[in-house]
1. In nm, what is the difference between 0.36 nm times the number of residues separating Ala51 and Ala24 and their Cα-Cα distance?
2. List the residues, sorted by chain then number, that are 5 or more residues from Thr19 or on another chain and whose placed amide H is less than 5 Å from its amide H.
3. List the residues whose amide H sits under 5 Å from the amide H of Val12, counting only those 5 or more places along or on another chain, with H placed 1.01 Å from N in the peptide plane.
4. Rank by packing, highest mean first: peptides 19-27, 32-40, 44-52, with packing defined as the count of other Cβ atoms within 10 Å averaged across residues.
Amino acid sequence: MTIPARSQPRTVVITGATTGAGRACVRACATGGDRLVLVARGAAALLGATAGAPARGR
C-alpha cells in the first residue's frame, strides 16, 4: 500500500495495529508522514508495531 506524502499530516486512528492489515496501515501511514493513534489489545505487540514503523510518523 502506498499513501502519498501530504503538505499537512493527517491524524489517523488504526485499530488492530499489531497484525495483518492494521500493521500494514501503520507502516504506510507513518511513511506518508501522518500522525498515528494506534489501538491494540496487547501493549507488548503494540510496541513491536511502533518499532517497525518508519521514523517519519509522528
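1. Length gained between Ala51 and Ala24: 8.4 nm.
2. Excluding prolines and chain starts, which carry no amide H, there are no hits.
3. Arg35, Leu36, Val37
4. 32-40, 19-27, 44-52
Every number here is computed from the coordinates shown, using simple stated rules; none is lab data. Owing to the predicted nature of the structure, the values given are computational and were not obtained by experimental measurement. Backbone-built Cβ (ideal geometry, glycine too); neighbour counts: all protein chains shown.
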